[in-house]
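The values are calculated or read from the model by the stated rules, or taken from the named source; none is laboratory data. Note that the coordinates shown come from a computational prediction; the quantities given were computed from them, not determined experimentally. A quick note on method: Cβ atoms are made from the backbone with ideal geometry, for glycine too, and the neighbour counts reach across all protein chains shown. Quick note on the areas: whole protein, heavy atoms, side chains included, nothing else; ligands and nucleic acids left out. Shrake-Rupley method; radii C 1.70, N 1.55, O 1.52, S 1.80 Å.
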Amino acid sequence: ACLVGSEMCKETDQCTAGFPIEERFGLVAQLRRCAVSIPSNIAEGFGRCTDKDLVHFLYMALGSCNELETQMILSHDLSFVDSDRFREMEIRINEVAKMLGSQFIEERTDWIQISGLNTIKVSEAYNELKTYNFVENESTN
C-alpha cells in the first residue's frame with residue numbers, strides 16, 4: 001500500500017498541475033497534502049513498535065484516502081479535472097483504501113483501540129470496512 005500510495009502522490013501532483021493558479025494555495029495544496037499523508041502514515045505506522053500504533057496510523061491513512069477522494073470529487077465538479085482523469089484517480093484511491101483494509105485484517109491482535117476513543121474487536125473493524133467496500137467481500141463458492 002505504501003508504494004501504491006507513493007505512486008498516487010505523483011499522480012495527484014500531475015493531476016493538479018493544470019489547476020487554476022488561484023487554487024495553488026487552496027485546493028491544490030490540500031490535495032497534495034492529503035495524498036502525501038497516505039504513504040507517510042503507512043510508513044510511520046510500520047515504524048512503530050506496537051500493533052495498536054500501526055492500526056492507528058493505518059486508520060489515519062484511510063482517513064486521508066477519504067479526504068483525497070472528497071477533494072477529487074470537488075475538483076471534478078469544479079471542472080478542474082476531466083472525467084477520464086477523475087475515474088483514474090478514483091480507481092487508484094479505492095485501490096489504496098482496499099489495500100489498507102486488507103492490512104487491518106493481517107493484524108492479529110484481538111482488540112484494538114482507535115484514536116483513544118473506542119475499543120473494538122478486529123473482526124468488528126473488518127466488518128465495518130467491508131460495509132464501505134474497503135476490503136473485498138469473500139467469494140460465496
* **Estimated vicinal HN-Hα couplings, Hz - the stretch 47-63 in sequence order (Karplus 6.51, -1.76, 1.60; Gly, Pro = x)** => x, 7, 8, 10, 5, 4, 5, 4, 4, 4, 6, 5, 5, 5, 5, 5, x
* How much FRET efficiency would the formula 1/(1 + (r/R0)^6) give for residue 91 and residue 23, where r is the Cβ-Cβ distance and R0 is 22 Å, rounded to 0.05? -> 0.40
* Asked: When the Karplus curve 6.51 cos²θ - 1.76 cosθ + 1.60 is applied with θ = phi - 60°, which whole-Hz ³J(HN,Hα) does each residue of the stretch 31-38 get, with x for Gly and Pro?
  -> 4, 5, 5, 6, 5, 5, 5, 5
* Whole-Hz couplings from phi, Karplus 6.51/-1.76/1.60, listed for the stretch 14-25; x for Gly and Pro -> 5, 5, 8, 4, x, 5, x, 4, 5, 8, 4, 9
* Got a number for the accessible area of residue 6? Probe 1.4 Å, square angstrom, nearest 10. -> 50 Å²
* Structure fact -> Per-residue accessible area, 1.4 Å probe, largest first, puts 53, 77, 13 in the order 77, 13, 53
